[in-house]
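See structure below.
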Amino acid sequence: MRLETLESRRVLSVESVVDGGTFEVFGTPENDEITAYVEGDLLIVQVNESSASVPSALIDHLVIHGLAGDDAIAIRDSVGQTTAITGDAGNDRISGSQQADRIDGGTGDDAIHGHGGDDTIQGGPGNDLLYGGRGNDTIQGDPLDVSPSPVGPVAVVDTSAKVAVHTLETDAQTTADLRAVDTAPAAQFNDIIYGGPGDDTLAGNAGNDLILGESGNDRIGGGSGNDAMLGGEGDDTISGGAGNDAFAGGDGDDSLSGGEGDDWIFGDATNSIPDDYAGLVDYALRYGNVGRGNDRIDAGAGDDIVVAGNLADSVDAGDGDDIVLGGWGGDRIGGG
């Protein structure tokens, strides 16, 4: 069944299709504002000044394609269907639903907020800002066009100082919040990834990435590039992968692997870590011994600097000329 649009914006129209329990909506080649919400018994998707609707009870899955242009796509909390969103080309701002969403920013510099649910988020090519929100999310900064580490690093931004909330209003009844960051201080990073609460899987893949696991037992992989990362609260597994990485496990019993490259590895860290690489190095000298957790650290190949932190940690320095600081606690330290 093909739905007719109620209005048109300029000469552009909204194209939408219902196939079984799937409601699929397409944007335009221009810069669109696309919002989905439920009003009464109708699931409504508004694209600019046009809209299409279908009885909500008939729909299990909502699919939205932004197409070309710098699009703003938001799913209101009233939508109970699972949602798949593709930003396609352009610098898009995408805000998911409270359900388990699949979001692909496509090419361009995108800002994506998954909100609730166990989301799967792909930034795509470009310098992206990705925030999973609540739920056990899987987030990838770039396409898997290289061999990533199974898990990887994290660095933290002081969210109270660096994070701002941007509000997208598409009409009187539709408002969605997008969490964004002042990316100017972190311009040297390709992707900025926030896991949010929950047990997340975060992969920076190619490029120099800034990754923050936040709370939960996270699996983090920096991939190639010089990455800065922080696991946050919880028992995290972090792998730096290729490149010269700086990362900290944070609170909890963490497993840290440096991989190839000359890495800075900290078992514990609870202070706000700077969002630039040079600042992380300075941070290491001042705060690397703060935090609690029985950590397992494998520095891997390269000339590494390891700060084990508090409590009883196990450190394997690996190959290379390494510097290992045990910190407080009965640590076990082995060289390569």
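The values are calculated or read from the model by the stated rules, or taken from the named source; none is laboratory data. Computed from a predicted structure; not experimentally measured. Cβ atoms come from the backbone with ideal geometry, glycine included; neighbour counts cover every protein chain shown.
Residue-wise test of (1) surrounded by fewer than 21 Cβ atoms within 10 Å (Cβ to Cβ); (2) in the same structural domain as Gly133 (by TED's automatic domain parsing); (3) modelled with pLDDT of 95 or more; (4) not acidic (Asp, Glu).
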position: Met1; (1), (2), (3), (4): yes, no, no, yes
position: Gly21; (1), (2), (3), (4): yes, no, no, yes
position: Asn31; (1), (2), (3), (4): yes, no, yes, yes
position: Glu39; (1), (2), (3), (4): yes, no, yes, no
position: Glu49; (1), (2), (3), (4): yes, no, no, no
position: Ser53; (1), (2), (3), (4): yes, no, no, yes
position: His65; (1), (2), (3), (4): yes, no, yes, yes
position: Ser78; (1), (2), (3), (4): yes, no, yes, yes
Inset, instruction - Test Gly309 against the stated conditions and say whether it is buried (at least 24 other Cβ atoms within 10 Å of the Cβ), over 17 Å from Asp321 (Cβ atoms) and modelled with pLDDT of 80 or more. - result: no
Legend entry - Any strands (runs of 3 or more DSSP E) falling wholly within the range 36-77 and containing at least 2 residues that are in contact (Cβ under 8 Å) with a residue 24 or more places away in the chain and under 20 Å from Gly90 (Cβ atoms): 42-47, 61-65, 72-75
Legend entry - Criterion: at pLDDT 95 or above and part of a strand (DSSP E or B) - qualifying residue of Ile103, Ile139: Ile103
Inset, instruction - Quick one: Ile94 ticks every box in (1) under 17 Å from the mean Cα position of the chain (by Cα); (2) on the phi < 0 side of the Ramachandran plot; (3) part of a loop (DSSP other than H, G, I, E, B) except a single one, so which number is it? - result: (3)
Inset, instruction - Taking Gly117 as the residue in question, decide whether it is at pLDDT below 95, over 13 Å from the mean Cα position of the chain (by Cα), more than 25 Å from Gly225 (Cα to Cα) and outside the structural domain of Pro197 (by TED's automatic domain parsing). - result: yes
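One line per residue, one yes/no per condition, for (1) touching a residue at least 24 places away in the same chain (Cβ under 8 Å); (2) farther than 22 Å from Ser215 by Cβ; (3) not assigned by TED's automatic domain parsing to the domain that holds Ile220:
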{"position": "Arg93", "(1), (2), (3)": "yes, yes, yes"}
{"position": "Gln98", "(1), (2), (3)": "no, no, yes"}
{"position": "Ile103", "(1), (2), (3)": "no, no, yes"}
{"position": "Tyr131", "(1), (2), (3)": "yes, no, no"}
{"position": "Asn136", "(1), (2), (3)": "yes, no, no"}
{"position": "Gln140", "(1), (2), (3)": "yes, no, no"}
